[in-house]
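Below is one structure, written out as structure tokens, with a few remarks after it.
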Amino acid sequence: MKKHLAMLLAILLLVAACSSDDGGSEDTTTTAGEMEDVTLTVSTWTAEAPGLKDWWPTVIDSFEAEHPNVTVDLQQIAFSDYISGLTTRFVAGEGPDVIHVPLPLTTLPAWAEAGFLQDLDDFLATTDIPETWPSSQASMEWDGETYGVLLVDYGYVLFYNEAMLADAGVDVPTNSDELVAAAAALTTGDQYGYAVTADNTINFLRDAFQFIQGEGAQWIDGDSWTFDNPDVVAAVDNWRTIATQYAPQGTDIGQKRQSFYDGNVAMMVEGPFILAQIPANAPEDVAGDLHIAQMPFSEKSGDVSHGMSIFTGIPDNKQATAEEFIQHAAALASMESYVENVASPVARREANSLLSEAGPDGEQIALAADSVSVLLFPADATGLRENFADFQSIAAEWFQQMLVSDIATADALANLQSDLEDAGITPN
């Protein structure tokens, strides 16, 4: 119980920067078509997000057409309130039937430990998911059990403003040295070469760790932190140079992206889903100049998103319907709809062939999706997953110090490593 409470507290802290009985039916042979009329509640933070707001209706409408007795109630919750709000509902036994899981690498362990999510291994064994899904499906696993289905994984890409680079006579950078030089050449007056997130959120750390992981610098060795590795120090020095000299200061994730949309920043590294957001956010005279290239690093990194899980408190008469809905969302037609609407790759790889229809930018997205490792989370870093809120708090403090003080990079990273060790936080 102490472990459960500690993880629940950690997840609530992560948003700010008791276990229940398994109510799932043991007998899932009853199909939705044989049941009485039911309303299936599905939670999400993305019902109004660009691209996704068009994807959800295609999934729900087609599911309801196949299940005339089912009404899907999509419940939109603001992301700032999502994890804490659902955790409160879970504790009260009032969770949604199907849970759209955000940040599964850090959110799922606490919810699984607390008994809020169903083990879906038996259900998944009846599908093609265990055999066909990529290794990133492991993000939906905890302590040897599978608590959901991962719908999306992707590689990060370099977004760049073609006109700004051309005007400055700068080629698209292909390595970190070229990136630093390009950012310097493109920074003049109110125009910046690069954009970063500069707050205390996970997005702040993602921007910094893209440089570390991109250079293949080893910051974990088994059960030990190796932030004192010279390769890590050199990679962080590059991030620090760009972040302090060639990027707008004090930007959160939204401000970072908008500065690029507006044509005030020439480059940024982001998830490919940003491509679908450009038409609605960039001025018409800028949007056509915004394109995609591969990350300017030797190693690819990426992320996972959009896990689908089932609440342990779901009524028995909805169990089969919830399973069918998740299977429907992961089916080829639904995944192709996601690719078409969001211009981002999905876990059902055969759907990603549609990315070529987005032209050269789509081809770059498809290329970036091959053989990526998840940023910030090596495959076996269970200790990092379990204690990420504390890790984030300590790491963000020292990375912030590198933005606002003259502390040597090596000293800041040594202090970071020492603080993690003193706190008893280990990678595995």
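Just to be sure before I move on: is Y194 assigned to a strand (DSSP E or B) and crowded, with 20+ Cβ neighbours inside 10 Å in the structure I sent? No. Is at least one residue of region 329-348 part of a helix (DSSP H, G or I), modelled with pLDDT of 95 or more and over 20 Å from the mean Cα position of the chain (by Cα)? For region 329-348, residues part of a helix (DSSP H, G or I), modelled with pLDDT of 95 or more and over 20 Å from the mean Cα position of the chain (by Cα): present. Would you pick out the residues in region 394-428 that are within 23 Å of D252 (Cα to Cα) and in contact with a strand residue (DSSP E or B) (Cβ under 9 Å, 6 or more places away or on another chain)? Answer for region 394-428, where residues must be within 23 Å of D252 (Cα to Cα) and in contact with a strand residue (DSSP E or B) (Cβ under 9 Å, 6 or more places away or on another chain): just L416. The set of residues from region 319-354 being more than 17 Å from G271 (Cβ to Cβ) and touching a Gly at 6+ places or on another chain (Cβ under 7 Å) comprises just one member, Q319.
Selection of first residues in region 169-182 that are among the polar types (S, T, N, Q) and of second residues that are in a loop (DSSP other than H, G, I, E, B), restricted to Cβ pairs under 8 Å at least 6 apart or on distinct chains, gives the following pairs, ordered by first then second residue: T174/Q294; T174/P296; N175/P296; N175/F297; N175/S298; S176/E215; S176/P296; S176/F297. If you go through region 60-83 and keep only what is crowded, with 18+ Cβ neighbours inside 10 Å and of a type in the set (S, T, Y), you end up with just Y82. For region 216-234, the criterion of being part of a helix (DSSP H, G or I), under 26 Å from G424 (Cβ atoms) and of a type in the set (V, I, T) is met by at least one residue.
The rows are residues; the columns are (1) under 23 Å from E178 (Cα atoms); (2) among the basic types (K, R); (3) part of a loop (DSSP other than H, G, I, E, B).
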{"residue": "V236", "(1), (2), (3)": "yes, no, no"}
{"residue": "R240", "(1), (2), (3)": "yes, yes, no"}
{"residue": "A247", "(1), (2), (3)": "yes, no, yes"}
{"residue": "S259", "(1), (2), (3)": "yes, no, no"}
{"residue": "L275", "(1), (2), (3)": "no, no, no"}
{"residue": "A280", "(1), (2), (3)": "no, no, no"}
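Pairing each residue of region 200-227 that is closer than 18 Å to A414 by Cα with any residue that is among the polar types (S, T, N, Q) and assigned to a helix (DSSP H, G or I), provided the two are 6+ apart or on different chains, yields C-beta distances under 8 Å for L205/Q392; F211/S176; F211/N238; W225/Q417; T226/Q417; F227/Q417. With respect to the stated conditions, A280 fails to be in contact with an Asp or Glu (Cβ under 7 Å, 6 or more places away or on another chain) and not charged (D, E, K, R). Give the residues of region 67-91 that are of a type in the set (D, E, K, R) and either under 14 Å from L40 (Cα atoms) or not assigned by TED's automatic domain parsing to the domain that holds N317 (or both), sorted by residue number. Result: D73, single match. Among the residues here, G115 qualifies as among the small types (G, A, S) and outside the structural domain of A234 (by TED's automatic domain parsing). Against the list (1) in contact with a helix residue (DSSP H, G or I) (Cβ under 7 Å, 6 or more places away or on another chain); (2) of a type in the set (A, V, I, L, M, F, W, C); (3) crowded, with 23+ Cβ neighbours inside 10 Å, the condition L86 fails is (1). In region 377-428, counting only helices (runs of 4 or more DSSP H) that sit wholly within it, the ones holding 2 or more residues that are over 18 Å from the mean Cα position of the chain (by Cα) and among the hydrophobic types (A, V, I, L, M, F, W, C) span 388-404, 409-422. For region 110-168, give me each residue that is part of a loop (DSSP other than H, G, I, E, B) and β-branched (V, I, T). Residues satisfying the conditions are T126, T127. Among the residues of region 394-428, not one is crowded, with 19+ Cβ neighbours inside 10 Å and either at pLDDT below 95 or on the phi > 0 side of the Ramachandran plot (or both). Look at region 356-372: where a residue is at positive phi and part of a loop (DSSP other than H, G, I, E, B) and a partner is surrounded by 12 or more Cβ atoms within 10 Å (Cβ to Cβ) and basic (K, R), sitting 6+ places away or on another chain with Cβ atoms under 9 Å, you get S371/K300. Within the option set A182, A198, being assigned by TED's automatic domain parsing to the domain that holds A293, modelled with pLDDT under 95 and among the small types (G, A, S) holds for one residue only, A198.
The residues of region 349-363 that are surrounded by fewer than 21 Cβ atoms within 10 Å (Cβ to Cβ) and at pLDDT 90 or above, listed by number, are R349, E350, A351, S353, L354, G359, P360, D361, E363.
The values are calculated or read from the model by the stated rules, or taken from the named source; none is laboratory data. All of these numbers come straight from a predicted model, not from anything done at the bench. A quick note on method: Cβ atoms are made from the backbone with ideal geometry, for glycine too, and the neighbour counts reach across all protein chains shown.
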